[in-house]
């Protein structure tokens, strides 16, 4: 079982700095206890390339005079804390300087290569060179000497390289280095060799050690990458540019993988990794760790130890404020599985392009509506879900198209947008409309056939759109073209031409359990965030789902609801979270003040509960049960509140 209160202890230390002069086993242990930590990742080798222990296959940091790694492992063992070992794989600045033949060459542009070499940062090495032999020797040495519970390998992902070795190997394999697809194919071959060699280096000495290869992103649908690990760690520092809706999207996919434990990895830093002296407010860490556990993950908080080896007690007192609460909640987290009504067939999994705007927009709409959802890929089963969302992108396999049809024929509800259900110029589902191709106009206008916040008017839609003729479906929105597209020769006003009432046609249609929306609304919502995009989606979703949502809560759009099931304990747990975020500086989203929610009305479709309890407080609350639904009011949500529905 993956431990839920972890720290990732960075230690990237320049070779001129004093190292470990103030390390104390007792002080190290005191920090871990203050932080309520049950696992901490400690360093064998850093991005600078130095080892923090005696070594026969690398160089120990020149200012280190004792076995720092060994001392940390011993300190952890004495107090029952796990200690996976970190080894920098993609970076090794020391060897980058020593071995030009090991350089990762990212481009065929000599000026670009030279610019990269001169950057004041760490530089990548190529796994298709002698560097991989050196790295595997370092892994084996750590395994043989210390027998750690796990290995964490960093800065690893498939990548294109144009070093002499890679160019030669591509040509020998009949691949054209000037062809991007061939270069990517070779990068995948090299990455596969890296995975095989490094995993074997661990397994040579342990059958049980955890292994994680960190590339900063879990690629949806890429099972080779996913299954190369024993567990997954979802790197997502909200203040480091990821934002607070990044982790829920990543978690919504990973939790749909079978038998896969995972961590949510945030940091104690104000900004991002490697920040000495940067601290976020305790309420931020409380929220971030609560968001992790509510989404089915354990927690990992990033820190960076000072070169002198003394743990910063302000950091561990800060972490302890969050982890003390996680520890208290663990009885309701262990073995809990997230419940989802809706599945989103991930755009990234179909196009293999990272950070799909279609996925981002769908995730935001679902979060803001407090729907229960997962993201899935084409290999996964659709049948556990009540609704399937097909967001914007095209390119499903023939097999997937048939499974989509079967899901609909069996009564499953579908919302399709853009070109997602178009094949050979036609819809693959009976939407009650005929597809007539992509609209040449952009932007267009949306006219709702339902109540919206700002009334029945024309709303600009800054996205691609598609033309349809309704046959026997119900039109729920109309589309209007502008008078013309904006060009240098032909434009109107500051942004775009106004709507043309003479060019009006159906924009969204519903027939039985299938809805089609003729705009790429999820991509557009990710890029522009117009309320009207979400209003259209919400109208269609509510129309299809009716009263069939498993759980509902009357909470603001920045709040989060998840719902989990613990079969062994015969109970469900509703998680409600809310935090007020503020932008500081140019783009750093922070949490400081707590803004409680009061008297939150909730409902759950379930068998009649024996009781409903606020946990971990242990306080029972009243509920009413009618027509298969329990209704209750949560008196207060202060960052995170769990509600146990006991059967």
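Readers should treat all values here as calculations from the given coordinates under stated rules, not as data from a laboratory. These numbers come from a predicted model, not from an experiment. All Cβ positions, glycine included, derive from the backbone under ideal geometry; neighbour counts span all protein chains shown.
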**Asked** Relative to the longest principal axis of the chain, what angle (0 to 90°, nearest 10) does the C-alpha long axis of helix 68-78 take?
**Response** 70
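Tell me the relative contact order for the chain as a rounded percent, counting alpha carbon contacts under 8 Å between residues six or more apart.
Working: 1403 pairs, mean separation 71.6, N = 647.
Rounded, it is 11 percent for the chain.
Considering the convex hull of the alpha carbon atoms of region 97-233, report its projected area averaged over all viewing directions, in nm², one decimal. It would help to have the intermediate numbers written out before the result.
Details: hull surface 37.1 nm².
Mean shadow area of the hull around the Cα atoms is 9.3 nm².
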**Request:** Could you please state, rounded to a whole Å, how far the C-alpha centre of region 330-357 is from the C-alpha centre of region 368-422?
**Result:** 13
**Message:** Given R₀ = 30 Å, what would the calculated FRET efficiency be for residue 606 paired with residue 1, taking r from the Cβ atoms and rounding to 0.05?
**Reply:** 0.65
**Message:** Can you compute the FRET efficiency between residue 409 and residue 558 using 1/(1 + (r/R0)^6), with r the Cβ-Cβ distance and R0 = 30 Å? Round to the nearest 0.05.
**Reply:** 0.20
**Message:** Between residue 317 and residue 436, what is the label-point separation in nm under the 7 Å Cα-to-beta-carbon projection?
**Reply:** 6.9
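Show me the three semi-axes of the equivalent ellipsoid for region 303-363, from the C-alpha gyration tensor (sqrt of 5 times each eigenvalue), largest first, rounded to whole Å.
Working: eigenvalues 267, 98, 17 Å².
Equivalent-ellipsoid dimensions as semi-axes: 37, 22, 9 Å.
Under the definition of Cα pairs under 8 Å and six or more residues apart, what whole-number percent is the relative contact order of region 551-646?
On the way: 201 pairs, mean separation 30.9, N = 96.
Across region 551-646, relative contact order equals 32 percent.
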**Request:** Can you tell me the 0 to 90 degree angle between the C-alpha axis of helix 25-34 and the longest principal axis of the chain, rounded to 10?
**Result:** 20
**Item:** Segment residue 451-residue 528, length gained on full extension (0.36 nm per residue, minus Cα span)
**Value:** 25.5 nm
**Prompt:** Which FRET efficiency value, to the nearest 0.05, is calculated for residue 107 and residue 424 with the Förster distance at 41 angstrom and r the Cβ-Cβ distance?
**Reply:** 0.60
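So how many Å³ per residue does the convex hull of the Cα atoms of region 520-560 work out to? Could the numbers behind the result be given before it?
On the way: hull volume 3.8 nm³, N = 41.
Measuring per residue, one finds 94 Å³ for the Cα hull of region 520-560.
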**Asked** Taking only Cα atoms, what is the 0 to 90° angle, nearest 10, from helix 180-203's long axis to the longest principal axis of the chain?
**Response** 50
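Given 10 °C and 1.306 mPa s, compute D for region 281-405 with the Stokes-Einstein relation, Rh being the Kirkwood radius over Cα pairs; round to the nearest whole µm²/s. Provide the component values of the computation, followed by the final result.
Working: Rh = 17.4 Å.
After rounding, the answer is 91 µm²/s.
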**Request:** Using 0.36 nm per residue of separation minus the Cα-Cα distance, give me the extension gain between residue 512 and residue 25 in nm, one decimal.
**Result:** 168.7 nm
**Request:** Report, as a whole number in µm² per second, the diffusion coefficient that Stokes-Einstein gives for region 209-286 at 10 °C and 1.306 mPa s using the Kirkwood radius over alpha carbon pairs.
**Result:** 117
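Report the full-extension gain for the segment residue 121 to residue 626: residue separation times 0.36 nm, less the Cα-Cα distance, to one decimal in nm.
Working: separation 505, 0.36 × 505 = 181.80 nm, distance 6.22 nm.
Taking residue 121 through residue 626 to full extension adds about 175.6 nm, to one decimal.
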**Item:** Mean Cβ count within 10 Å, highest first, over the residues of peptides 36-43, 618-625
**Value:** 36-43, 618-625
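Report relative contact order for region 342-545 in percent, whole number only (criteria: Cα-Cα under 8 Å, sequence separation at least 6).
On the way: 443 pairs, mean separation 47.4, N = 204.
Relative CO of region 342-545 lands at 23 percent.
Sorted by packing (mean other beta-carbon atoms within 10 Å per residue), highest first, where do 546-558, 427-439 land?
Working: 546-558: 15.8, 427-439: 18.0.
So the peptides 546-558, 427-439, ranked by packing, come out 427-439, 546-558.
Would you order 23, 247 from fewest to most other beta-carbon atoms within 10 Å of each residue's own beta-carbon? Walk me through the intermediate numbers first.
Details: 23 20, 247 23.
With the sparsest Cβ surroundings first, the list reads 23, 247.
Fewest first, what order do 354, 364 take by the number of other Cβ atoms within 10 Å? Mind showing how you got there, number by number?
Numbers: 354 12, 364 21.
In order of increasing Cβ crowding within 10 Å: 354, 364.
Consider all pairwise Cα distances in region 48-135 and report the whole-number % of them above 20 Å.
Values: 1813 of 3828 pairs.
Here the tail beyond 20 Å accounts for 47 percent of pairs.
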**Fill in**
Taking only the alpha-carbon positions of the chain as identical scatterers, the Debye log10 I(q)/I(0) at q = 0.07, 0.11 Å⁻¹ comes out as -0.52, -1.18
**Message:** Can you compute the modelled spin-label distance between residue 581 and residue 617, with each label point 7 Å from Cα toward Cβ, in nm?
**Reply:** 2.6
**Prompt:** Stokes-Einstein D for region 342-545 at 37 °C, 0.692 mPa s, Kirkwood Rh over Cα pairs, in µm²/s?
**Reply:** 193
**Message:** Report the Cα centroid-to-centroid distance between region 435-508 and region 564-620 in angstrom, as an integer.
**Reply:** 39
**Fill in**
Taking a crude spin-label model, label points 7 Å out from Cα along the C-beta direction, the residue 493 to residue 179 distance in nm is 5.0
**Request:** For region 551-646, would you read off the P(r) tail past 22 Å as a percentage of all alpha carbon pairs?
**Result:** 32
**Ranked 561, 545, criterion: other C-beta atoms within 10 Å, fewest first** = 545, 561
